[in-house]
Ligand SMILES: [Zn+2]
């Protein structure tokens with residue numbers, strides 16, 4: 001081989017390695033973003049909305065049966081967000097504003113500036129926060145976040161675009177439509193809640209509904225403390241306290257052992273019980289550790305009961321629940 005060929009070959013190898021080293025992190029990380037203020041995200045359902053807690057307001061559809069490869073082992077393809085957004089603009093440009101906010105594309109029936117505000121505000125903040133606290137992997141496909149400006153638009157467009165009427169007034173995540181569908185007039189809380197679900201699916205595929213909904217609903221009322229997302233007490237507290245007071249709350253073993261269907265169709269307190277277990281773990285500084293151990297050990301502990309016992313350092317969940325119920329009765333909202 002002539003020396004000029006060797007030089008060319010070496011240059012080629014150098015630039016190939018440099019390119020791989022440079023592009024590799026970008027497969028998994030979004031650029032870091034600083035949020036100057038510390039938003040408090042909340043929904044404030046009215047008393048009449050409270051009755052909606054008897055119906056799961058963000059029931060998640062099962063993943064399509066064709067999705068047999070664990071998502072977190074799929075090498076993420078390079079996703080062309082701009083082309084995807086352009087396609088949406090061509091189809092819906094007269095009606096909707098479209099904003100790329102990775103790993104989402106946000107589509108709203110408000111003016112462009114309003115949709116941008118949601119994208120670079122609540123959505124960017126929530127994504128950054130939950131990725132820093134829990135999730136390494138982005139979803140391996142583009143997910144649309146549809147923001148409808150009011151109840152009328154939400155119900156009409158959800159039915160028109162996705163073929164079925166929402167069962168909740170707030171919003172929901174539909175894995176099969178690759179979409180979060182939101183009535184954004186109800187506030188940003190449900191939006192943060194729903195953003196958790198596609199990240200959970202991408203990072204902890206075997207996650208049972210109780211923890212998926214417990215963690216998601218923890219952050220539907222949230223703020224930032226010392227640079228980290230923190231769930232606050234919210235409207236779900238009242239029903240939980242009533243159930244505890246009346247001796248009607250089931251055991252953690254029962255709630256954590258529910259199948260997806262049993263969780264969604266079961267006790268009206270399931271969401272709140274799961275949420276305030278997550279809240280308690282958060283207040284003890286144990287929630288992130290619980291997530292880490294549970295997601296790593298789910299093959300041996302599908303319900304999370306063993307992991308919870310391990311984290312608590314006790315086998316006696318009955319005694320733990322008695323203490324937890326006392327603490328929950330002391331909580332206040334607002
Ligand atoms: Zn949910």
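How many of the residues in the stretch 202-229 are under 19 Å from residue 257 (Cα atoms) and more than 10 Å from the ligand (Cβ to nearest atom)?
So the answer is 7.
Does residue 94 count as closer than 24 Å to residue 204 by Cβ and modelled with pLDDT under 95?
no
Conditions first: (1) in contact with a helix residue (DSSP H, G or I) (Cβ under 8 Å, 6 or more places away or on another chain); (2) farther than 30 Å from residue 294 by Cα; (3) at pLDDT below 95. Residue 106 passes all but one, so which condition is the exception?
All conditions are met except number (3).
Would you pick out the residues in the stretch 230-244 that are in a helix (DSSP H, G or I) and either within 15 Å of the ligand (Cβ to nearest atom) or modelled with pLDDT under 95 (or both)?
If the condition is that a residue be in a helix (DSSP H, G or I) and either within 15 Å of the ligand (Cβ to nearest atom) or modelled with pLDDT under 95 (or both), then 236 is the only one that fits.
Residue by residue through the stretch 302-325, note down the ones that are buried (at least 17 other Cβ atoms within 10 Å of the Cβ) and outside any helix (DSSP H, G or I).
Once the filter is applied, which keeps residues that are buried (at least 17 other Cβ atoms within 10 Å of the Cβ) and outside any helix (DSSP H, G or I), the stretch 302-325 yields 303, 304.
Does residue 115 count as more than 16 Å from the ligand (Cβ to nearest atom) and in a strand (DSSP E or B)?
No.
When residues of the stretch 233-266 are filtered for being within 28 Å of residue 205 (Cα to Cα), without any contact (Cβ under 8 Å) to a residue 40 or more places away in the chain and over 22 Å from the mean Cα position of the chain (by Cα), how many remain?
2
Could you tell me which of the residues 139, 175 is in contact (Cβ under 8 Å) with a residue 60 or more places away in the chain and more than 13 Å from the ligand (Cβ to nearest atom)?
Selected residue: 139, the only one of 139, 175 that is in contact (Cβ under 8 Å) with a residue 60 or more places away in the chain and more than 13 Å from the ligand (Cβ to nearest atom).
From the list 194, 132, which residue is surrounded by fewer than 18 Cβ atoms within 10 Å (Cβ to Cβ), in contact (Cβ under 8 Å) with a residue 60 or more places away in the chain and closer than 16 Å to residue 219 by Cα?
From the options 194, 132, the qualifying one is 132.
Among 102, 131, which is the only one that is within 20 Å of residue 184 (Cα to Cα), in the same structural domain as residue 182 (by TED's automatic domain parsing) and out of contact with any strand residue (DSSP E or B) (no Cβ under 8 Å at 6 or more places or on another chain)?
102
Looking at 271, 279 in this structure, which one is surrounded by 15 or more Cβ atoms within 10 Å (Cβ to Cβ), touching a strand residue (DSSP E or B) at 6+ places or on another chain (Cβ under 6 Å) and modelled with pLDDT of 95 or more?
279
The values are calculated or read from the model by the stated rules, or taken from the named source; none is laboratory data. Just so you know, these numbers come straight off a predicted model, no measurement behind them. No Cβ is skipped: glycine too gets one built from the backbone with ideal geometry, and neighbour counts run over all protein chains shown.
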